[in-house]
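*Asks:* Below you'll find the structure I mean.
The values are calculated or read from the model by the stated rules, or taken from the named source; none is laboratory data. Just so it is clear, the model here is predicted, and its values are computed rather than measured. Cβ placement follows ideal geometry from the backbone for every residue including glycine, while neighbour counts extend to all protein chains displayed.
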């Protein structure tokens with residue numbers, strides 16, 4: 001899958017509030033009331049990512065979760081990453 005051009009990526013970010021680009025990664029941090037809330041969110045993401053066959057890097061620090069998306073096989077951010085970021089945004093709305 002081809003990586004997104006800077007124009008395509010800028011356009012995609014307008015529909016992905018809170019997501020930022022860091023190098024070749026699409027990233028966002030989330031904060032929850034407690035560890036259980038953070039884990040509920042992560043577990044929901046895991047199911048969605050597994051169905052998509054695309055998995056984010058996940059960093060959990062008690063009630064904070066940082067996600068990083070990149071299509072390593074393509075060498076950067078692809079449509080697969082922006083699609084999963086949109087799904088994650090929906091999940092966050094449901095679990096927070």
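*Asks:* With the structure loaded, tell me whether residue 72 is closer than 17 Å to residue 3 by Cβ and under 11 Å from the mean Cα position of the chain (by Cα) or whether it fails that test. Break it down stepwise before answering.
*Replies:* Details: closer than 17 Å to residue 3 by Cβ: yes; under 11 Å from the mean Cα position of the chain (by Cα): no.
It is false that residue 72 is closer than 17 Å to residue 3 by Cβ and under 11 Å from the mean Cα position of the chain (by Cα).
*Asks:* Let me ask something additional. Taking residue 7 as meeting all but one of (1) touching a residue at least 60 places away in the same chain (Cβ under 8 Å); (2) out of contact with any strand residue (DSSP E or B) (no Cβ under 9 Å at 6 or more places or on another chain), write down the number of the exception.
*Replies:* It fails just one condition, (1).
*Asks:* Run residue 59 past the list (1) within 12 Å of the chain's Cα centre (by Cα); (2) modelled with pLDDT under 95; (3) surrounded by fewer than 16 Cβ atoms within 10 Å (Cβ to Cβ) and report the number of the one that doesn't hold.
*Replies:* (2)
*Asks:* A further question on this structure: Of all the residues that make up region 32-55, how many are touching a residue at least 24 places away in the same chain (Cβ under 8 Å), surrounded by 13 or more Cβ atoms within 10 Å (Cβ to Cβ) and more than 17 Å from residue 83 (Cα to Cα)?
*Replies:* Final tally of qualifying residues: 6.
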